[in-house]
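Asks: Let me give you the structure first, and then I'll get to my questions.
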Amino acid sequence: SIYLKRDPPLEFHKLIVAGNAISPYQYRILFPSIVHAFAISTRQFIDYDYDKLVFFYYSLIGSLAIFLSLYFFYFYLRKFFDVNMSFIGLLYLTAIYPLSFVSHYIAPWEKLNFLFFIISFLLIIENRFFYLSIFLPLAALNKETTLFIPIFYFFYNYNKKDRVKVALKSLVLLIEWALIYVGLRVIFGLRQDIRLYKDYMIWNLTMLDPK
């Protein structure tokens, strides 16, 4: 239930899909857009309240993302550990995962964000660059922190013989991410951030010591 309580307020969702939200939330359009599309499509067949459909699809897709994150995380661990250790790691993540949303005011994209990172890491260690290059733009539409995916790709593959090829592929991924990042700001315009970056550090330190 903690996941459902932290879904975005309805009015904030409407601001995002209308293109009127503040930064950085306006640029995290993937999840709200999917929910909006499903809600609108459902109303073509069923005469049901849009607001309730929005809540339903946030809950449904968010829950599915959590399940898939845990599913793929187990297989990610299996690349490095045996079955027992991987299962223990999965149980540990399952136990602490809810804590990730306790202090979030608006965090529906975080459910997709973790899933995108886990799948990307699997694609990287399995050397599936083509699929990763298709997957990354989608992940970038969800949240800008996917910038770390090209960085991880570079450092994971850096020790391979053909470092020039690794660098070029990393650059391709970085350009893909940058095109999405810049494109969203061209489409929606530059918005004032809800906090300055220095304020994020202060806020995070405050959350470590609520007193």
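Asks: Out of all the residues in region 155-174, which are among the hydrophobic types (A, V, I, L, M, F, W, C) and either over 13 Å from residue 128 (Cα atoms) or open to solvent by 70 Å² or more (accessible area, probe 1.4 Å) (or both)? Before the answer, list the steps.
Replies: Initially, region 155-174 is screened for residues among the hydrophobic types (A, V, I, L, M, F, W, C), giving 155, 164, 166-168, 171-174.
Those that are among the hydrophobic types (A, V, I, L, M, F, W, C) and either over 13 Å from residue 128 (Cα atoms) or open to solvent by 70 Å² or more (accessible area, probe 1.4 Å) (or both): 155, 164, 167, 168, 171, 172, 174.
Asks: Determine whether region 113-129 contains at least one residue that is within 30 Å of residue 172 (Cβ to Cβ), out of contact with any Gly (no Cβ under 7 Å at 6 or more places or on another chain) and basic (Lys, Arg). Give the steps one after another, and end with the answer.
Replies: First, the residues of region 113-129 that are within 30 Å of residue 172 (Cβ to Cβ): 113-129.
Applying the additional criterion that residues be out of contact with any Gly (no Cβ under 7 Å at 6 or more places or on another chain) yields 113-129.
Next, only the ones that are basic (Lys, Arg) stay: 128.
Checking region 113-129: at least one residue is within 30 Å of residue 172 (Cβ to Cβ), out of contact with any Gly (no Cβ under 7 Å at 6 or more places or on another chain) and basic (Lys, Arg).
Asks: Which number in (1) open to solvent by less than 20 Å² (accessible area, probe 1.4 Å); (2) touching a helix residue (DSSP H, G or I) at 6+ places or on another chain (Cβ under 6 Å); (3) within 21 Å of residue 141 (Cα to Cα) marks the one condition that residue 24 misses?
Replies: Here residue 24 clears every test but (2).
Asks: Looking at 61, 119, which is the one that is under 30 Å from residue 179 (Cα atoms), modelled with pLDDT of 95 or more and outside any loop (DSSP other than H, G, I, E, B)?
Replies: On the way: 61 fails: modelled with pLDDT of 95 or more.
One residue alone meets the criteria, 119.
Asks: Looking only at residues that are over 19 Å from the mean Cα position of the chain (by Cα) and open to solvent by 70 Å² or more (accessible area, probe 1.4 Å) in region 1-13, which one is modelled with the lowest pLDDT? Walk me through how you get there before you give the answer.
Replies: First pass over region 1-13, keeping only residues over 19 Å from the mean Cα position of the chain (by Cα): 1, 10-11.
Then drop every residue that is not open to solvent by 70 Å² or more (accessible area, probe 1.4 Å), which leaves 1, 11.
On the way: 1: 36, 11: 82.
This residue is 1.
Asks: Looking only at region 113-140, which residues are open to solvent by 30 Å² or more (accessible area, probe 1.4 Å) and of a type in the set (Phe, Trp, Tyr)?
Replies: 114, 117, 121, 129, 130, 131, 135
Asks: Hey, another quick one. Has region 142-162 got at least one residue that is within 20 Å of residue 181 (Cβ to Cβ), outside any loop (DSSP other than H, G, I, E, B) and touching a residue at least 40 places away in the same chain (Cβ under 8 Å)?
Replies: So far as region 142-162 goes, yes, one or more of its residues are within 20 Å of residue 181 (Cβ to Cβ), outside any loop (DSSP other than H, G, I, E, B) and touching a residue at least 40 places away in the same chain (Cβ under 8 Å).
Asks: Right, next: Taking only region 45-103 into account, find how many residues are under 22 Å from residue 14 (Cβ atoms), touching a helix residue (DSSP H, G or I) at 6+ places or on another chain (Cβ under 7 Å) and among the aliphatic types (A, V, I, L, M).
Replies: Counting residues in region 45-103 that are under 22 Å from residue 14 (Cβ atoms), touching a helix residue (DSSP H, G or I) at 6+ places or on another chain (Cβ under 7 Å) and among the aliphatic types (A, V, I, L, M) gives 4.
The values are calculated or read from the model by the stated rules, or taken from the named source; none is laboratory data. Computed from a predicted model, the values in this text were never measured in an experiment. Glycine gets a Cβ as well: all are built from the backbone with ideal geometry, and neighbour counts include every protein chain shown. Heads up: the accessible areas ignore ligands, DNA and RNA and are worked out on the full protein's heavy atoms, side chains in. Shrake-Rupley method; radii C 1.70, N 1.55, O 1.52, S 1.80 Å.
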